[in-house]
Structure formats: C-alpha cells, structure tokens
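Just so it is clear, none of the values below were taken in a lab; they were calculated from the coordinates. Everything numeric here is computed off the predicted structure, so don't read it as measured data. Cβ: placed from backbone, ideal geometry, glycine included. Neighbour counts: every protein chain shown.
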Amino acid sequence: MVLRKLVAGNWKMNGSLAALGELAAIREAADRNASVDVAICPPFTLIAAAVASQPGLTIGAQDCHADDKGAHTGCISAVMLREAGAKMVIVGHSERRADQHETDAEVHAKAEAAIRNGQIAIVCVGETEAERDAGRAVAIVEGQLDGSIPRAADGAQLVVAYEPVWAIGTGRTPSVADVAEMHAAIRTKLVSLLGSAGTGVRILYGGSVKPDNARELLSVADVDGALVGGASLTAAQFVPIIEGAAACA
C-alpha cells in the first residue's frame, strides 16, 4: 500500500511570535506540493497564534496529558489542545522518555487521549546508540510499540515516528539499509498489533532529517514521511524537505 507522505515539524522548545513569520512560506510550499501532508508542532504558547496566522496549515502539539482535566499543575490536556486548534499530538518523543522518564504505558495513555479527542497521535519510538550497538535495536522498538500503541487505532488516528535516539540533533543518520530494516520491522509489528489496519499507519523517519538527505530517506520503502526537528524552524530548511517528499510521493 502506498501511503500519503506526511512531513511534520517539531519545533521543540524553540520559537516565538516573531518566528511564526516562517509559516507563510511553509504553507505556500504545502499548497504547491498538495500530494504531501504538512504539519508544524510549535510550543503550546504558539498553537493558537499559529492557527490564526495560517488557518490552512495543519498545526499540532508536542505532548498532552492522559487525562482530559484534573489537578495536574503545569500540564495540558488534549481537550485544551483541540480548543487551541491542534490537529495532531506528538507523544513519547525520545526527549520526553529520557528527560521526563515517560514509560510506554504513559505514552499509550497519552495517545489514547489524543485519539479520544479527535486528534492524530504521532507515537515516537527509537533505540539508543548502546542498544543498537548491542544488536537490540529492533527488539527495543518492537517492545515500545507493544506498550505504546492503542490497539483500536487505525491510520486515520495514528502515526508512528521512528527516531534513532543517537541521530537526533547530532547530524548522524543510520544507513539507508538500517532505516529500511527498521521501518520494515515496524510495519510487521503494526500489522501484528492492529491487523489489516496496521498497513495504513504511516511510519515517519525522524533523526537529523535535512534538505540534503531527505529525498534519499523518503524514498525508502515504508518511510511514509519525516518528523523534522531543527530543520523545521525555518522555511529555507523545511521547504526543501517538503519538496523532497513530494518528489517521492
């Protein structure tokens, strides 16, 4: 099955109201390359302003709480994100798994919360360098999928992003063969977890995706798009990735 490419930008803890000026050129690129889905996930404080600035561009969020409301100081719910205009929610990013010690069970609950509120959950999985060097990369990722993926989800509600942790922000990327092997393993696991619905779940690659390597990575089988970090902060860097995805669509 050939799936529609998705290029999603994760601004992480970067950006300001002034940075939203980049979105006009990104939206124009999305319009020109209509065969590709494009999204930007800015910090929570910018979501509503981003939606107002470019209503034709899909805006997402970088996390949500598993509960819709409650005594959770400093947290934000999928309900609140939906009200702000977020259409997607990234959950289980490796930086949150490492820095906030999020477990697979917590990621699973957050994904369910996003889906319950009509948003697409982008569930992140990936191995560390030590795990890959020990020959455990596929087993680690399969285990994360086991614990993190809601079993009732389908391709309209769920996206998986594979991020080799050791490649995020380092400029390093796995070989094309490594990416192909992992994405094939993820697809097989998704089918085992979700049945035929697993064939329709897009699998993004995330790990130092840049204009000069995007087209090669996006041409790999079962790479259905990219989760882009630093290169999504400016249109000059992000637009060529969108164009690379369109060339592979």
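Apply the membrane-span-like helix rule to the chain: whole DSSP H runs, Cα extent along the own long axis of at least 15 Å, mean Kyte-Doolittle hydropathy at least 0.5. List the helices found.
Going by DSSP H runs, the hits are 137-148, 176-194, 235-248.
Loop sites only, by DSSP: take the trypsin sites (Lys or Arg not before Pro) in the chain that have at most 12 other C-beta atoms within 10 Å and name the longest stretch containing none of them.
70-150
Of the listed pairs Lys189/Lys210; Lys12/Lys87; Lys69/Lys110; Lys12/Lys189, which have alpha-carbon separations greater than 19 Å here?
Listed pairs above 19 Å: Lys189/Lys210; Lys12/Lys189.
In whole Å, what are the Cα extents of the chain along the three principal axes, biggest one first?
Taking the Cα atoms of the chain, the three principal extents are 45, 44, 33 Å.
What is the ratio of the Cα radius of gyration of region 104-249 to 2.2 N^0.38 Å, where N is its residue count, to two decimals?
1.00
Considering Cα pairs under 8 angstrom that are at least six residues apart, work out the relative contact order of region 8-133 and quote it in whole percent.
Computed value for region 8-133: 21 percent relative contact order.
Given that compact globular proteins tend to follow 2.2 N^0.38 Å, what is the ratio of the alpha-carbon Rg of region 21-77 to that value?
1.36
Suppose a student asked you for the relative contact order of the chain, using Cα pairs under 8 Å spaced at least 6 residues apart; what percent would you report?
It rounds to 22 percent for the chain.
If I stretch the segment between Glu28 and Glu129 completely, what's the gain in nm (0.36 nm per residue apart, minus their alpha carbon distance), one decimal?
Difference between extended and current length: 32.6 nm.
Which residue, Tyr162, Leu218, Met182, has the largest displacement toward the positive end of the dipole of region 143-249 when charges sit on each Cβ (Lys, Arg +1; Asp, Glu -1)?
Projecting each Cα onto the dipole axis, the largest value belongs to Tyr162.
Over region 102-158, calculate the relative contact order: mean separation of alpha carbon pairs under 8 Å at least 6 apart, over the residue count, as a percent.
It comes to 48 percent, rounded to a whole number.
Gaussian network model of the chain, Cα springs within a sub-10 Å range: biggest mean-square fluctuation belongs to which of Ala29, Ala161, Ala39?
It is Ala29.
From the P(r) of region 1-145, can you give the percent of Cα pairs sitting at distances over 23 Å?
Summing the P(r) tail past 23 Å for region 1-145 gives 40 percent.
What full-extension length gain, to one decimal in nm, is calculated for Ala152 and Leu17 as 0.36 nm per residue of separation minus the Cα-Cα distance?
44.9 nm
Which FRET efficiency value, to the nearest 0.05, is calculated for Ala105 and Ser175 with the Förster distance at 22 angstrom and r the Cβ-Cβ distance?
Using R0 = 22 Å, I get an efficiency of 0.10.
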